[in-house]
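The values are calculated or read from the model by the stated rules, or taken from the named source; none is laboratory data. Just so we're clear, the structure is a prediction, and the values are computed from it rather than from any experiment. Cβ coordinates were reconstructed from backbone atoms using ideal geometry, including for glycine residues, and neighbour counts include every protein chain displayed. These accessible areas exclude ligands, DNA and RNA; they are computed on the full protein's heavy atoms, side chains included. Shrake-Rupley method; radii C 1.70, N 1.55, O 1.52, S 1.80 Å.
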Amino acid sequence: MSKFLPFLFTVIFCFCAAAQVPQSAAPASTAKATNTPNSAGTEPATVKMGNVEVPIEKTRPMTVPKFAVPITIDGRPNEEAWKDAAVFKDFYQTSPGDNIAPSKPTEVLMMYDEKNLYVAFKCWDEKDKIRATLAKRDNVYGEDNVRMWLDTYNDQRRAYVLGFNPLGIQQDGIFTEGRGADFSVDIVMESKGVIEDWGWSVEVKIPFKSLRYSAGKGKHWGFNVARNIDRFNDEFDQWLPDDRNVSGFLIKHGKITGLDGITYERTLEIVPSVTISETGKRNSAIEVATGRLINQPIKQDIGVTLKYSLSPNITLDAAINPDFAEIEADAPVITANQRFPIFFQEKRPFFLEGADIFQTPLAIYDSRSIVDPDFATKLTGKIGKNSFGFMVASDKAPGNFGESERNDPFRRPVIDEFLDKNAIFGVLRVKRDFGKENNIGFFATYRGFPERKNFLASIDGRFKLNPRLTSQVQLVGTHTRRCFFDPEFEPLVNPAEALRNSELCGGGTFGGVTVAGNQFQQYRTGNAVGYYANLDYTEDVKGWYAEVGGRTQDFTADVGFTRRTDTNFAFFANRLSTKSKPKSAIIRANWQQYSGIDYDWKGRLQRWRAGTTVGLSLQRTMFLFFEGGASYEKLYEEEFGLRRMPTRVGRFFAAPTRGTWQNFWYGEINQNLNKHFFYYVWVNYQNNAYDFFFPAGNGQINPGPGKAFDSEAYFEWKPVDPLRASVSYRKSRLVRNDNRVRTFDADVVSVRSTYQFSRFLFTRLRLDYDSLEKNFAGQLLFGWTPSPGKALYVGYNDNFNYNGFNPFTGQIDRGFERNNRTFFIRASYLFRKSF
């Protein structure tokens, strides 16, 4: 760990230096005029924000009044109290227009009491043209909606983004500057919307205890509000204009103040959950003889999650034997010819709390690396300019072996050391803001498991170099003790060393039984580094982007996600755009030119590429995108396995190094055609794409170029308000040039339908088909989700093959053959108590 002391010293030094930099309190950083009197001695009525004259009151913090008369959240802001609310009006159309007059007027009202923030949206429109349907939470895009941003720390770095459609369906998430919005976060709030003859309105009640915020007299919150009118080319209207020549989003927002009367309450949330399931599946011992499914004993998973707000800005979360059953499974993906790992998004509520704090340019933290925790706790928050997150977890998945492995006399000695052992995780994150939009942070992770220990430390920062130029940097160091694969290893040279390595890497003698280990691995210490830096320059009609990064061979981030090691990359892209013309056939066009290179730490080329893209925004909410280019890719035998030696063949059949020129093109179209139909289609073709895993016998492979074709079509249909149905079809195929063999030809079909009986009650049907596996997976689900934490699900999952391979015998099963099926009931309830 002494190797990481320089990292820690640097972070502490930077934090101390940052503390000396004063932070501006200017409410509107893009305003180019001040509130000084004009020649007549009076204050000017407007100021310049970019290319727009803005009323001067919009550049000042808006005072939100406090009221004491209760109101009913019914979607109609007609109570007497709303007459005294703060009013946000006179919006600007920021897309597709550039700060022009909106197509329809919008007003937003805001007030508060001691415990809640109240917001009302009034959107004038033609009743029969409003696009709104009953939908599940967070699914309000693709139709009319409103949304607001609450920068509750007034740091211009992160903000809650809360959206609502005309029926009051909620969308909530966290917007992080430089990374965009993450809508996987759910907060407890109340909303209702109504459609009237004059348009539509929504009322919202947001408990302050659902937010993390900076409290105190005279505090400001960053704020902006917008309306989306879908049929007008996805028109976006904001309360404040958007200067496209200034990089960033939250920096261009306004301020609200007056929230001095909030009564803070410490709040304890307890969410017990229980899942009862009964599963039938194939059993290897009797499958060949009977072909029957064996019903397993009824399984009960009982867990509890807790959240305690120590203060408005510090939260403690804990989970004891949490039930993290996936109600909504990951979408199927094509894994054929995938050389590197595939990333999947996190969906589990415990890990989504405060997730934005743990984000960095390099993915050194991925909560899905914690597969099946029986205990986890996390402390997150922000004090002044310092953000922090600390988490520990115990994951039982690595030591949870199945019955067949436990009872296998040859496998059991190998796994005894790991049987029923847990992996221990530790994560520490601290970050310091300085200046208006700069920050620097420190990250440390640990994962411990028998024969495998991994430590990681990192420093990172984000800097606003000028109004149009931003930069992100990160430096990572890793220290690992585990088995590393060595493509140069030659066991016949040193038999004693081979025996030692086999003992430490999953082999040796156990109870008198000799088990072969992986003789091509070495149990050793690996120290490594990773790095990343970028520059991003943005204007309305032009911009450019440059980035470099890399990881050394032994780079290991067991708590993160790493696609490739022993690689460096450099990339540059330049963009030219037209001015937005909302009435033209082509509303806006973007043309980009780019080039990039990847190379290993020996300086050998891995891939070079160059290309161009064209994006066109057209009328009727249509978007077209085209890309074309060329590349040169090289492969090295030791990247795939053993390197050839005088005493053995290598991983490759024939040449140990090979390279080829490639060309590629890509096309995409998507359109929200009307309130009932949306479609999305893309097609990709690559000439001389490598087939990485073509078998050549004797454990060898023979990668070779071929013609790769990929395409996908997605269609969504909403025939009536409560019903949504969608179908997607993905085609992926590769044909080699040398022998015309079709290496793989995969089809993935997914069908979804959801019927919303009400805002909170629904039923959903899902069916997926994977042609490579000849596999069908389906789910029928009934759900009741009145609010985050409160839910009841009743479902049935099924998985079967059609003319597919038996997972135990390897033989083809003719016709339909079920692999497993599960009936389940899952219930959870939120108990919330304030002190």
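Per the conditions (1) crowded, with 17+ Cβ neighbours inside 10 Å; (2) over 30 Å from Ile229 (Cα atoms); (3) aromatic (Phe, Trp, Tyr), the sole criterion not satisfied by Phe678 is (2).
Scanning segment 346-387 for residues that are over 20 Å from the mean Cα position of the chain (by Cα), over 25 Å from Tyr829 (Cα atoms) and open to solvent by 30 Å² or more (accessible area, probe 1.4 Å) gives Ile383, Gly384, Lys385, Asn386. Within segment 727-740, is there a residue that is in contact with a strand residue (DSSP E or B) (Cβ under 9 Å, 6 or more places away or on another chain), of a type in the set (S, T, N, Q) and assigned to a loop (DSSP other than H, G, I, E, B)? Yes, segment 727-740 has at least one match.
Of the residues Ser787, Ser758, only one is closer than 30 Å to Leu268 by Cα, of a type in the set (Ser, Thr, Tyr), under 26 Å from the mean Cα position of the chain (by Cα) and surrounded by fewer than 17 Cβ atoms within 10 Å (Cβ to Cβ); which? Just a single option satisfies the conditions, and that option is Ser787. If you go through segment 684-711 one residue at a time, how many are of a type in the set (A, V, I, L, M, F, W, C), open to solvent by less than 40 Å² (accessible area, probe 1.4 Å) and under 29 Å from the mean Cα position of the chain (by Cα)? Selection size over segment 684-711: 3. Only one of the numbered conditions (1) under 24 Å from His253 (Cα atoms); (2) open to solvent by 10 Å² or more (accessible area, probe 1.4 Å); (3) touching a strand residue (DSSP E or B) at 6+ places or on another chain (Cβ under 8 Å) is not met by Val161, and that is (2).
This table checks each residue for (1) over 19 Å from Phe678 (Cβ atoms); (2) in contact with an Asp or Glu (Cβ under 9 Å, 6 or more places away or on another chain); (3) in contact (Cβ under 8 Å) with a residue 40 or more places away in the chain; (4) of a type in the set (Ser, Thr, Tyr).
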{"residue": "Val119", "(1), (2), (3), (4)": "yes, yes, yes, no"}
{"residue": "Trp124", "(1), (2), (3), (4)": "yes, yes, yes, no"}
{"residue": "Asp144", "(1), (2), (3), (4)": "no, yes, yes, no"}
{"residue": "Thr152", "(1), (2), (3), (4)": "yes, no, yes, yes"}
{"residue": "Phe164", "(1), (2), (3), (4)": "yes, no, yes, no"}
{"residue": "Leu167", "(1), (2), (3), (4)": "no, yes, yes, no"}
{"residue": "Gln170", "(1), (2), (3), (4)": "yes, yes, no, no"}
{"residue": "Phe175", "(1), (2), (3), (4)": "yes, yes, yes, no"}
{"residue": "Gly180", "(1), (2), (3), (4)": "yes, no, no, no"}
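Quick test for you: out of Asp197, Asp182, pick the one residue that is surrounded by fewer than 19 Cβ atoms within 10 Å (Cβ to Cβ), modelled with pLDDT of 95 or more and not hydroxyl-bearing (Ser, Thr, Tyr). Steps first, answer last, please.
Details: Asp182 fails: modelled with pLDDT of 95 or more.
Result: Asp197 is the single residue among Asp197, Asp182 that is surrounded by fewer than 19 Cβ atoms within 10 Å (Cβ to Cβ), modelled with pLDDT of 95 or more and not hydroxyl-bearing (Ser, Thr, Tyr).
Of the residues making up segment 243-261, those that are under 23 Å from Met148 (Cβ atoms) and open to solvent by 40 Å² or more (accessible area, probe 1.4 Å) are Arg244, Phe249, Asp260.
Looking only at residues in segment 592-624 that are among the aromatic types (Phe, Trp, Tyr), part of a strand (DSSP E or B) and open to solvent by 50 Å² or more (accessible area, probe 1.4 Å), the one that is nearest to Tyr685 (Cα to Cα) is Trp608. Residues that are open to solvent by 40 Å² or more (accessible area, probe 1.4 Å) and in contact (Cβ under 8 Å) with a residue 60 or more places away in the chain were ranked within segment 719-755; the one that is farthest from Phe678 (Cα to Cα) is Thr743.
Of the residues screened, Phe816 is one that is within 23 Å of Ser750 (Cα to Cα), open to solvent by 70 Å² or more (accessible area, probe 1.4 Å) and out of contact with any Leu (no Cβ under 9 Å at 6 or more places or on another chain). What do you reckon, is Val146 within 25 Å of Lys104 (Cβ to Cβ), more than 22 Å from the chain's Cα centre (by Cα) and part of a strand (DSSP E or B)? Judged against the criteria, Val146 is a match. Scanning for something farther than 30 Å from Lys583 by Cβ, in contact with a helix residue (DSSP H, G or I) (Cβ under 6 Å, 6 or more places away or on another chain), modelled with pLDDT of 95 or more and surrounded by 17 or more Cβ atoms within 10 Å (Cβ to Cβ), does segment 66-84 turn up at least one residue? No, segment 66-84 contains no residue that is farther than 30 Å from Lys583 by Cβ, in contact with a helix residue (DSSP H, G or I) (Cβ under 6 Å, 6 or more places away or on another chain), modelled with pLDDT of 95 or more and surrounded by 17 or more Cβ atoms within 10 Å (Cβ to Cβ). Filtered by the rule that a residue be within 21 Å of Asp155 (Cα to Cα), open to solvent by 20 Å² or more (accessible area, probe 1.4 Å), part of a strand (DSSP E or B) and touching a strand residue (DSSP E or B) at 6+ places or on another chain (Cβ under 7 Å), segment 311-320 gives a lone residue, Ile314.
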